[in-house]
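Quick notes on the structure that follows.
Read-outs: derived from the displayed coordinates by stated rules, not from any lab. Quick caveat: nothing in here was measured; it's all calculated off a predicted structure. Cβ placement follows ideal geometry from the backbone for every residue including glycine, while neighbour counts extend to all protein chains displayed.
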Amino acid sequence: MTSEVGGKGVKQALMSGALLVLLIQTANAGGVTRRAEIVGGGGWNGRCTIEAIVDGAAEIEINGDMGSLRTLSGQPAVWRRFHCTAPMPRSPMDFRFTGINGRGNVQLLRDPRNNAGTAVIRLNDPQGGRERYSFEFQWRGAGGGGWQPGPPNFPPGRGPGPGGFPMARAIQICQDSVTSRLNRDGYRYVAFERTIPDNSPGRNDWVIGMVSGRRGFETTRFSFSCSVDFSSGRVRSVDVVRR
């Protein structure tokens with residue numbers, strides 16, 4: 001009798017453990033949803049700032065003012081911040097993505113301009129332990145004007161450059177120059193995968209990153225670098241190299 005009761009207890013424990021694993025896998029597969037905190041006054045132009053804690057790999061899907069964070073590997077990814085100036089429209093006229101902080105890779109997988117208004121971003125953290133990742137994207141709607149400059153304290157952890165010029169603004173100016181270069185070469189759909197200050201010795205006035213451009217039915221990835229005068233914000237030079 002004792003053996004039978006003990007056997008039932010072990011069986012129930014195993015079933016409970018299997019059910020817990022199944023629930024965790026189901027939650028990770030479906031993603032953890034979150035609604036954006038709207039911090040702006042709306043309008044045709046907009047931007048979103050997102051932070052998440054990742055250990056392994058995760059994907060974030062954004063549609064309108066809703067986001068879904070799905071863990072692909074490692075410990076469950078966790079939302080930290082999801083701020084937008086307005087819900088992202090279904091058909092933005094232009095779209096720019098910037099990876100900002102994190103030791104791994106932040107990559108735009110799906111551009112909302114050709115994905116029914118849904119952006120998909122993958123976060124890959126190759127090292128052990130959790131890491132905070134943050135990035136932003138901005139868009140221009142059908143009736144929008146020029147790009148809006150970022151707030152003075154944006155992006156997080158990237159304050160003024162060596163000459164006092166805001167790093168966020170320097171990144172934006174570099175991206176504008178890269179976009180113009182690619183547009184001139186016939187690439188009409190440009191999406192930035194990663195843009196960061198170059199921390200190599202002797203290159204503290206450079207901004208580097210990865211970008212993709214579409215020409216016809218072909219999408220090509222490029223690496224780029226900009227030399228920025230941080231006393232005036234002027235871009236000295238721009239190099240764009242096909243990968």
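At q = 0.12, 0.16, 0.21 Å⁻¹ the log10 of I(q)/I(0) for the range 158-243 amounts to -0.34, -0.57, -0.90, computed by Debye summation with a single uniform scatterer per C-alpha, solvent ignored.
For Leu72, the residues whose amide H sits under 5 Å from its own are Ala57, Ala58, Glu59, ignoring neighbours fewer than 5 places away on the same chain, with H placed 1.01 Å from N. Phi-derived couplings, Karplus 6.51 cos²θ - 1.76 cosθ + 1.60 at θ = phi - 60°, listed residue by residue for the range 87-98: x, 6, x, 6, 9, x, 6, 9, 8, 9, 10, 9 Hz, with x used for Gly and Pro. Near Val54, once Lys and Arg are set to +1 and Asp and Glu to -1 for all other residues with Cβ below 14 Å from its Cβ, the sum equals +2. The charge dipole of the range 158-243, taken about its Cα centre with unit charges on the Cβ of Lys, Arg, Asp and Glu (plus for the first two, minus for the last two), comes to roughly 240 debye.
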